[in-house]
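Chemist: A single structure is presented below for examination.
What follows is calculated from the coordinates using simple rules that are stated; it is not laboratory data. These numbers come from a predicted model, not from an experiment. When we count neighbours, we look across all protein chains shown, and the Cβ atoms used for this are built from the backbone with ideal geometry, even at glycine.
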Amino acid sequence: MDSIKNIIPSWVLFSLVCMTLSACGSESDRNKKNSNSRSTDIALRNIISFNNLTGDVLKDREIPRIESAKAQLGMRLFFSKSLGGDRDSACVTCHHPVLGGGDNLSLSVGVGAENPNLLGKGRLHSALATNYDAGPPVPRNAPSTFNIAAWDQVLFHDGRVESVGKTANNQGADGLGIRTPDSKFNVADPLASNNLTSTQARFPVTSPEEMKGFNHNDKNRQEIREFLANRLGGSGAVASELIDTDYWLNQFRTTFNKPTATAKEIITEQNIAMLLGEYERSQAFSQNSWRDYIEGNNAAISASAKQGALIFFQTQAQGGANCAACHRGDLFSDEGFHNIAMPQIGRGKGDGSDKNTDFGRFRETKDKNDKYAFRTASLLNVEMTGPWSHAGAYTSLKAVIQHHLNPENAIADYDFGQLTQLNIQNLDKMQTNTQASLDKLASDRLLNKNVIQNIELSDEKIDHLIDFLKTLTDPCIKDRVCLSKWIPPVNEDPNGDQLDAVDATATRL
Ligand code: HEC
Ligand code: HEC
C-alpha cells in the first residue's frame, strides 16, 4: 500500500492537519491578522462613538433636492455668464461638478480668459486682457461647493461670510444674522440672505477678477448686483443687453408660481442669490465608504485605510498624528482658523510690505494672533478637490500631509515642479513670503500655544493616511453620469450665455 503521502499532495495534507490542529504557521498568522484587524475595528469604533461621528454630515439639515424647481433654476443661473459683468465668467467657471466642485487650478482664472468655456488645466488669463498680467488674477484657491450646506459658522478661507450666532445645524439661518464684507466685523448685514450659502452667492458677482470685470468700475457692490438682475429681466439701463429675456422671466414665474409677476418684481438680486444657494446646497456628496464603515460594515474600508484612520484620530501620545484636533467631526473641520504656514504663491491679497502676501483671518479680525491663519479645510472628497491649501500650492496629498508634519522642512524643500499651472506670480518670492508665517508658528510654539507640532511619520504611515482620506470620496463625484443631474443640458439659453464647459482637449465636462 502506498503511503498516504504519495496519494494526497502534501499541501492538502498540510491544510487538513492545520484545519484540525489549527497550530500551523500560516493559520496562526491569519489568526493574528484577524485579531489585529478586530482590535483595529474595536479601537476605531471607540473613536467613532467618542467623537459622535455619524458619517452623515448633512444629518438634521434641510437640504433641497436637485430635482426641486428652485435648485433647477439655481443651476441655470450658476452656469450662466449673464451674471458676469462682461458675460465671460459664471459661478461654474471655478466650481464645476466634474472638477470636484472647484476648478482644478492652484489659483482661479475668472474674467478675461483666453477661452471662457475652457475649465481646469489649460485655462489661461489672456495676456491681452486689461488689468493684470497673464497670471491667474484670483489670489486664492477655489474651495469645493460640495456639501456646502454642512458649514454652520463661516464661509471663505478667511471666514468673511460669518454666522453671528453660529448655531449648530443652522447654516447661519438662526435669525441672528450673517456678517459679510458689506457689514462690520461681527455685525449682521441687513441685506444678507437666509443662510450662509446664498449670502456668499451675492459676492462673486462683485469681484472684478472673478465675475464683474473691469468695465463696471462705476458700480458699487449693490449696484452691480441690481444691474445684473435688470439684465436678466430686460429692464432698466440694460434692457437691450439680452435678446431673449423671456427665457429668464418664464423660468422665474414658473419656479415661484407667480405667472403674472413682472421681471422687476421677481428677478431680484435677492432671489438670484437664494436660487444659486439652493442649487449649491443640493450638492450633497457624503455617501462614502467611511460612512459605510461607521454604519457598521467592517469590510467597507481597507486595512491600510483603517491604520490611516487610527493615525488621523489618535493623539501623538497614542502614536497618531492628531489630525482630528482641527479636522473634526463629520465635516472634518472645526470651522476654526489656524496658521499652518502653507506656501504663499500668487499675487496675494495686497498684504505685507510688498503687497503680495495674504494675512488670512487677520484681514477680518485685525487680531494679530490671527495672522496667516486660514480656515480648516473640510476633507470630504479631498481626493478630488486639489490642488490643495488656500493658494493651491500643493498638487499631491502626500505633499500636503508632509507639510503638516514639518512646515519648516516642507517650505525649505518645496518642489516648484509640482505646479502645472502657467504664469503663477511671485514663485520666486514664495520662501520669503512664507517665512513670516513660519516665524509666527515658531514663536507660538515657544509660547506653548495650541498650534501644529512637528511629527515624524514613516512613508508607509503617510500612505495609510492617504488611503484613509480616499475613503471620504463619494463615488458619485467620479461618475459623469451620476453628476449629470447637476449639469444642465447644453445650449439651453437662447442668449448663448450658458457655460457648457470643455477641458483642454475640447472634451465636454
Ligand atoms: C474666478 C473663479 C470664481 C468664480 C467665478 C466664482 N468663485 Fe466661488 N470661490 C472662488 C475662490 C477663489 C474662493 C475662495 C475665496 C476666498 O476664500 O477668499 C471661492 C469661494 C466660494 C465659496 C465658499 C466656499 C467655502 O468653502 O467657504 C462658495 C460657496 C462659492 N465660492 C460659490 C460661488 C458662487 C455661487 C459663484 C457665482 C455667483 C462663484 N463662487 C463664483 C472662485 C470663484
Ligand atoms: C492645527 C490644525 C490642523 C491640524 C492638526 C491638521 N490640519 Fe490639515 N489643515 C489645517 C488648515 C488650517 C488647513 C488649510 C490651510 C490653508 O489653506 O492654508 C488644512 C488643510 C489640509 C489639507 C488640504 C485641504 C484642502 O482642501 O486644501 C489636507 C489634505 C489636510 N489638511 C490634512 C491633514 C492631515 C492628514 C492632518 C494630520 C496629519 C492634518 N491635516 C492636521 C489645519 C490642521
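Chemist: Can you give the net charge of the other residues whose Cβ lies under 11 Å from the Cβ of L465, counting K and R as +1 and D and E as -1?
Modeler: Here the count lands on -1.
Chemist: I've got another one for you. Determine the calculated [θ] at 222 nm for the chain from helices alone, applying -39500 (n - 2.57) to every DSSP H run no shorter than 4 residues and normalising by the residue count; nearest 500 deg cm²/dmol.
Modeler: -9500 deg cm²/dmol
Chemist: By counting other Cβ atoms within 10 Å of each Cβ, how are Y394, Y247 ranked from fewest to most?
Modeler: Fewest-to-most ranking of Y394, Y247: Y247, Y394.
Chemist: Provide the net charge surrounding N381, with neighbours chosen by a C-beta distance below 14 Å and charges set as Lys +1, Arg +1, Asp -1, Glu -1.
Modeler: Overall, the nearby charge balance is -1.
Chemist: If you don't mind, another one. Dipole magnitude of the chain about its Cα centre, charges +1 at Lys/Arg Cβ and -1 at Asp/Glu Cβ only, in debye to the nearest 20?
Modeler: Rounded to the nearest 20 debye, it is 620 debye.
Chemist: Neighbouring Cβ atoms within 10 Å as the yardstick, rank V238, V187, V481 fewest first.
Modeler: V481, V187, V238
Chemist: Could you give P(r) for segment 331-439, binned at 5 Å from zero, as whole percent values over all Cα-Cα pairs?
Modeler: 2, 12, 23, 26, 22, 12, 3, 0
Chemist: Determine the distance separating the Cα centre of segment 42-72 from the Cα centre of segment 121-188; give it in Å without decimals.
Modeler: 22
Chemist: Enter the Cα centre distance for the pair segment 409-464 and segment 291-344, rounded to the nearest angstrom.
Modeler: Rounded to whole Å, the Cα centres lie 20 Å apart.
Chemist: Taking the Cβ of each residue in S302, S80 as the centre, tally the other Cβ atoms inside 10 Å and list the residues starting with the fewest.
Modeler: The fewest-first ordering by Cβ neighbours comes to S302, S80.
Chemist: Could you run the Debye sum over the Cα atoms of segment 272-325, one equal point scatterer each and no solvent, and tell me log10 of I(q)/I(0) at q = 0.20 Å⁻¹, two decimals?
Modeler: Results for segment 272-325 at q = 0.20 Å⁻¹ read -0.77.
Chemist: Suppose we keep just the DSSP beta bridges with both residues in the chain; what percent of those would be antiparallel, to 5?
Modeler: Beta bridges within the chain, antiparallel portion: roughly 85 percent.
Chemist: For N450 and D218 in the same chain, what is the full-extension length gain: residue separation times 0.36 nm, less their Cα-Cα distance, in nm?
Modeler: Here the segment from N450 to D218 would lengthen by 78.9 nm.
Chemist: Whole percent per 10 Å bin, from 0 to the bin with the longest distance: what is P(r) over all C-alpha pairs of segment 393-442?
Modeler: Final binned percentages: 23, 56, 20, 0.
Chemist: For K219, which lysines qualify as cross-link partners when the Cα separation must be under 20 Å and same-chain residues fewer than eight apart are set aside?
Modeler: Within the straight-line cut-off, K219 pairs with K81, K264.
Chemist: Still on this model: Mind checking which lysines have their Cα closer than 19 Å to the Cα of K368? Skip sequence neighbours fewer than 8 apart in that chain.
Modeler: Output for K368: K184, K349, K355, K440, K449.
Chemist: Could you state the per residue volume, in Å³, of the convex hull enclosing the Cα atoms of segment 359-509?
Modeler: 183
Chemist: Another question, then. Sorted by mean Cβ packing within 10 Å, highest first, what order do the peptides 347-359, 487-499 take?
Modeler: Averaged packing, sorted descending, gives the order 347-359, 487-499.
Chemist: Separate question: May I ask you to give the average projected area over all directions of the convex hull of the Cα atoms of the chain, in nm² rounded to one decimal?
Modeler: 29.9
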